[in-house]
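Taking it in order: structure first as structure tokens, then the write-up.
The values are calculated or read from the model by the stated rules, or taken from the named source; none is laboratory data. What you see is a predicted model; the values in this text were computed from it and never measured. Neighbour counts are summed over all protein chains in view; Cβ atoms, including those assigned to glycine, are modelled from backbone coordinates with ideal geometry. With ligands, DNA and RNA removed, areas are computed over all heavy atoms of the protein, side chains included. Shrake-Rupley method; radii C 1.70, N 1.55, O 1.52, S 1.80 Å.
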Amino acid sequence: MSQGAEGTEQSRSGNGAGTESTPSKSGLELRNLTKIFDGGIIAVEDVNLTVEHGEYLVLLGPSGCGKTTTLRMIGGHEVPTSGDVILDGESLLGLTPDKRPTTTVFQHFALFPHKSVIDNVEFGLKMRGDSKEERRAQAGEILEMVGLRELADRKPSALSGGQQQRVALARVLVTKPKALLLDEPLGDLDRLLQLRMRVELRNLQRQLGLMFIHVTHNQEESLSMADTIVVMNEAVIQQIGDPLTLATKPANELVATFMGDNNVIRGTIESREGDRIVVDDGHVKASCVVQDDDRATGDAASLSVRAASVVLLDDGADAAGDVNSAQCEIVFVEYLGDLIKLHLSAGGERMVAKVPGDNYVRLRGQEGNPVRVTWKEEDVKLLAAS
Ligand SMILES: Nc1ncnc2c1ncn2[C@@H]1O[C@H](COP(=O)(O)OP(=O)(O)OP(=O)(O)O)[C@@H](O)[C@H]1O
Ligand SMILES: [Mg+2]
């Protein structure tokens, strides 16, 4: 796997290297964090990462890549094989989960059904030994913040799904953790509730100014919620960046593919003139201007073009052989509301294009028909090998 992939912010993150730095005084630092399970399964390998207070960080990656294990090592539910978890300059390794200034929210936001909303929220404070008065005041304040003060005496069964989620969040936030760790918190919800909870979670995090570390395998969720996205694959960090960087400048082929909506042209360099290369994958040719890359004609290279950068040419002229253009078949027209996602085949090579939704009526009858697509050279990016 790539160590410190291109596009990674080396100053704060990545895999490998960086062991010599001093602990950051403020925020969370994962230093050379590794977990190898019995049988030699490497779940997390040499992860280095810093997270600031007030930051919304999303750990994103396919199933089994090590997201939950990373979160569990931060929360104290898993002991690292090596490396350190440092919060505000202090190692957390010797502390059990209940002694750490972190709170973990697992997949389900289960509430106590027989307790009222306010008693549910007070529960964590009660466990901590706070007085009744203090508990009431703090629980009232947090319920106000999530807009549920007037429902304080209801039982969870008398609340909507979204209200129950907010009570569950209030219950963990009332203990004022320094970091909230969320493992697939929206995974079980229906789509509408998921979309609403994305906004609510994000709003609440902003109001409280807390560090949230949210694990998901859903790239759309990560783009819509994160300040910073960390893409993992096979135990290793692939790229760290803000949503715009991840979506528009994937560091390598793996990230480009995983973020979705990227066309990857994987082939050999057909020609190079100065810094301009043309790559041919046997079906599609694309060109781009490269920086700090000395590959020559005949070398392997992968380029990416965002689906939103691909446009349809309506004249139907045969463009086979042209650079930054492809003759395709429309395989499937997917309506997304404001946009249409066109699933295309360029001689068997899968491509995607995103075009305005008002073309839907015209395009939905054209599945199986040929179409010519094009894109601009400046929208083509060279990907590092992954
Ligand atoms: N207790 C364990 N013992 C052995 N192997 C484990 C254990 N827990 C996790 N693993 C393995 O470690 C790897 C990482 O698992 P992890 O649960 O961190 O993945 P994940 O990214 O959270 O995946 P998902 O999206 O499916 O939840 C996987 O290969 C998994 O099978
Ligand atoms: Mg998991």
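Modelled spin labels at E90 and S26, positioned 7 Å past Cα toward Cβ, are 1.8 nm from each other. Averaged over its residues, the stretch 262-383 has an accessible area of 50 Å² per residue, based on protein heavy atoms and a 1.4 Å probe.
Rounded to the nearest 0.05, what FRET efficiency is calculated for R350 and T248 with R0 set to 22 Å and r the Cβ-Cβ distance? Computed FRET efficiency for R350 and T248 comes out at 0.60. Here the stretch 262-383 is assigned +1 on the Cβ of each Lys and Arg and -1 on the Cβ of each Asp and Glu. Its dipole about the Cα centre then comes out at about 380 debye.
The calculated FRET efficiency for S131 paired with E334, based on their beta-carbon distance and R0 = 56 Å, is about 0.50.
Nothing charged except the Cβ atoms of Lys and Arg (+1) and of Asp and Glu (-1): what's the magnitude of the dipole of the chain about its Cα centre? Round to the nearest 20 debye. Before the final figure, lay out the partial values.
Details: 41 positive and 57 negative charges, 349 e Å.
That gives the chain a dipole magnitude of about 1680 debye.
Ignoring any ligand, DNA or RNA, what whole percent of the accessible area of the chain comes from carbon and sulfur when the probe is 1.4 angstrom? In the chain, the share of accessible area belonging to carbon and sulfur is 49 percent. Distance between the modelled labels on D275 and A158, one decimal in nanometres: 6.7 nm (7 Å Cα→Cβ projection). Here the extension length gained between K376 and L195 equals 61.9 nm, from 0.36 nm per residue of separation less the Cα-Cα distance.
Protein-only accessible surface at a 1.4 angstrom probe places the residues H343, H283, H53 in the order H283, H53, H343, largest first.
Remark: the A110-D314 segment gains 68.1 nm on full extension, using 0.36 nm per residue and subtracting the alpha carbon distance.
For R362 and T81, the difference between the fully extended length at 0.36 nm per residue and the C-alpha to C-alpha distance is 95.4 nm. Checking the Cα-Cα distances for K25/K126; K67/K126; K132/K155 against a 24 Å cut-off, the pairs over it are K25/K126; K67/K126.
Taking only Cα atoms and a 10 Å spring cutoff, compute GNM fluctuations for the chain and point out the largest among S160, S63, S304. In this elastic network of the chain, the residue with the biggest mean-square fluctuation among S160, S63, S304 is S160.
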